[in-house]
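Please treat every number below as a calculation from the coordinates, not as lab data. Quantities reported herein were computed from a predicted structural model and do not represent experimental measurements.
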């Protein structure tokens with residue numbers, strides 16, 4: 001089985017380590033393919049995305065890495081690009097970069113009308129609480145609804161290949177701190193977001209990053225969402241959202257078993273510009 005990972009971060013954004021460290025760890029684990037996907041620059045200053053200068057450096061570094069490991073490891077150049085409504089998204093022309101092999105589309109934040117700043121839904125819990133209070137008057141259902149609506153907008157506009165951690169809104173919801181993920185209203189909103197994938201060419205990632213950071217007890221998307229993906233024949237790829245080399249293949253064996261028990265018989269990997277299916 002081809003073992004691949006297309007979602008990883010390193011020292012130029014909020015990840016750790018050099019690109020070389022990721023390549024070496026992948027080889028030590030018998031992995032076949034890795035893709036690097038640091039956070040693309042956004043319109044506001046922060047401490048978790050690359051800068052514009054960092055983007056140029058990244059493209060140069062990964063080009064050299066591909067050459068160095070050409071005979072030993074397939075390496076692909078990606079970006080994780082945030083959808084920020086009128087302030088940017090994966091479909092912007094600026095991301096039509098010839099060096100890119102693929103793009104991940106993600107939603108990490110929403111605009112807070114009081115502070116006029118982007119507040120993360122997956123960052124410090126205080127930011128989520130502030131967003132909940134300032135924008136949604138404490139109504140968690142409205143916040144969750146808006147999150148999935150923003151993802152639907154991103155999906156409709158396109159410009160990317162992989163849908164990143166599509167239920168990231170649950171990251172700070174350990175033990176149902178803000179809402180019950182089993183309630184019908186939540187499942188309805190999440191299912192409606194998945195429905196917008198019909199007819200698209202998007203790949204949904206099974207992302208193990210929430211587990212590695214001890215923020216969630218299961219993968220993104222949740223197991224019940226994986227069942228719905230299967231019903232709609234939505235293709236999946238497996239990634240770890242690694243922020244350090246040692247997490248490149250974190251929880252992969254367990255995730256494959258989860259997919260099998262869900263009913264999946266294949267998973268996708270990207271190689272030489274094409275998505276391929278393989279049995280699991």
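Could you tell me the center-to-center distance, by alpha carbons, between region 171-206 and region 233-264 in angstrom?
17
What is the distance in Å between the Cα centres of region 37-84 and region 146-169?
One Cα centre to the other: 20 Å.
Out of the DSSP beta bridges found with both residues in the chain, what percent are antiparallel (nearest 5)?
35
Grab every C-alpha pair in region 96-201, bin the distances at 10 angstrom width from 0 up to the longest one, and report whole percents.
With 10 Å bins starting at 0, P(r) equals 14, 44, 31, 10, 1.
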